[in-house]
Amino acid sequence: MTSQSMPSQISTIISDHFAAIDRAITPLDASHAGLVAHLAELAATLANVRQAGGRVYVCGNGGSASNTGHLVLHLRDVGVKAFDLMADTPWLTAIANDQAYEQVFSWSLHALGASPEDLLIVISGSGNSKNILKALRYAEANGVPRWGLLGMGGGDALNLCNDVVLVDSHSYAVIEDVHSIAIHALHKALLTKP
């Protein structure tokens, strides 16, 4: 590879990534049966939880864990009592070490007293992480409403959520980017007073 062709190849890689994001958003947005409609529903749900004084718990792994912190930041900015279940490192490592990593989120929901007035939001590229599924099952058993920001067809999490924002992609990078865009859209929607 010559030094002159490298920037061209890098430009192609970057362009391809943006095109993949566009492909993931466009059919969902155009139909209004996907991204926009589901985000509007999630924004309304979050506004209701905020009005009722409930709490929102958010969890995810890897890049999705970064998006959990991102979402919690924006929810707190608009007055939602939001908690990033990935943020308490001593707690997470204690549960992972003493119990199992697959239990870190369900134990957190139990310890924090998650209740039917609250909301669990899971963020997952695959929808198949064991700790995400255990959290959803715990929430379901305790009457806590459940939303998912998912990709790759939703995985097993799809049927454990009350509703989802589903990104039509099998690329973690694209899914995480679209989830980030969705987080900004939710923030903007919640800043607007009805």
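The values are calculated or read from the model by the stated rules, or taken from the named source; none is laboratory data. Quantities reported herein were computed from a predicted structural model and do not represent experimental measurements. Neighbour counts are summed over all protein chains in view; Cβ atoms, including those assigned to glycine, are modelled from backbone coordinates with ideal geometry. Please note that ligands, DNA and RNA were not included when accessible areas were found on the heavy atoms of the full protein model with its side chains. Shrake-Rupley method; radii C 1.70, N 1.55, O 1.52, S 1.80 Å.
Whole number in Å², please: accessible area per residue of the range 20-174, 1.4 Å probe, ligands, DNA and RNA not counted. List each step's numbers first, then the result.
Values: 6820 Å² over 155 residues.
I get 44 Å² per residue for the range 20-174.
What full-extension length gain, to one decimal in nm, is calculated for Lys130 and Phe18 as 0.36 nm per residue of separation minus the Cα-Cα distance?
My answer for the length gained is 37.3 nm.
Can you list the residues of the range 148-191 with backbone N under 20 Å from a point 7 Å past the Cα of Ala52, pointing along Cα to Cβ?
Counting only backbone N, you get 148-149, 160-165, 190-191.
Where does helix 89-98 land angle-wise versus the long Cα axis of the chain, in degrees 0 to 90, nearest 10?
70
Evaluate the relative contact order of the chain (contact order divided by residue number), counting alpha-carbon pairs under 8 angstrom at least 6 apart; express in whole percent. The partial results should precede the final answer.
Values: 316 pairs, mean separation 43.6, N = 194.
Normalised by residue count, the contact order of the chain is 22 percent.
Note down the relative contact order for the range 48-121 as a percent, whole number, built from C-alpha pairs under 8 angstrom at least six residues apart. List each step's numbers first, then the result.
Numbers: 85 pairs, mean separation 30.5, N = 74.
So the answer I get is 41 percent.
Please list Met152, Met6 from largest to smallest accessible area, probe radius 1.4 Å, with all protein chains kept in place.
Met6, Met152
How far, in degrees from 0 to 90, does helix 130-141 lean away from the longest principal axis of the Cα atoms of the chain, to the nearest 10?
Rounded to the nearest ten degrees, it is 40.
Could you work out how far apart the two model spin labels at Glu140 and Ile10 are, taking each label as a point 7 Å from the Cα in the direction of the beta carbon, and quote it in nm?
Modelled inter-label distance: 4.7 nm.
Counting only protein heavy atoms, what percent of the accessible surface of the chain is carbon or sulfur at a 1.4 Å probe? Before the final figure, lay out each step's value.
Numbers: 5390 of 9580 Å².
Ligands and nucleic acids excluded, carbon and sulfur reach 56 percent.
Can you send over the solvent-accessible area of Thr192, 1.4 Å probe, protein chains only, in Å² to the nearest 10?
Accessible area of Thr192: about 90 Å².
Using only the alpha-carbon atoms, what does the chain span along each of its principal axes? Please give whole angstrom values in decreasing order.
If we take the Cα atoms of the chain, the spans are 58, 45, 30 Å.
Farthest toward the dipole's positive end in the chain, which of Gly79, Ala111, Ser180, given Cβ charges of +1 (Lys, Arg) and -1 (Asp, Glu) about the Cα centre?
Gly79
What does the accessible area of Asp22 come to, in Å² to the nearest 10, when a probe of 1.4 Å is used?
Rounded to the nearest 10, that gives 90 Å².
Rounded to the nearest 20 debye, what is the charge dipole size of the chain about its Cα centre when +1 sits on each Lys and Arg Cβ and -1 on each Asp and Glu Cβ? Could the numbers behind the result be given before it?
Details: 11 positive and 17 negative charges, 74 e Å.
The calculated dipole for the chain is roughly 360 debye.
Kindly provide the helix-only [θ] at 222 nm of the chain, computed as the sum of -39,500 (n - 2.57) over DSSP H runs of four or more divided by all residues, to the nearest 500 deg cm²/dmol?
On the way: 7 runs with 110 residues, N = 194.
Rounded to the nearest 500, the figure is -18500 deg cm²/dmol.
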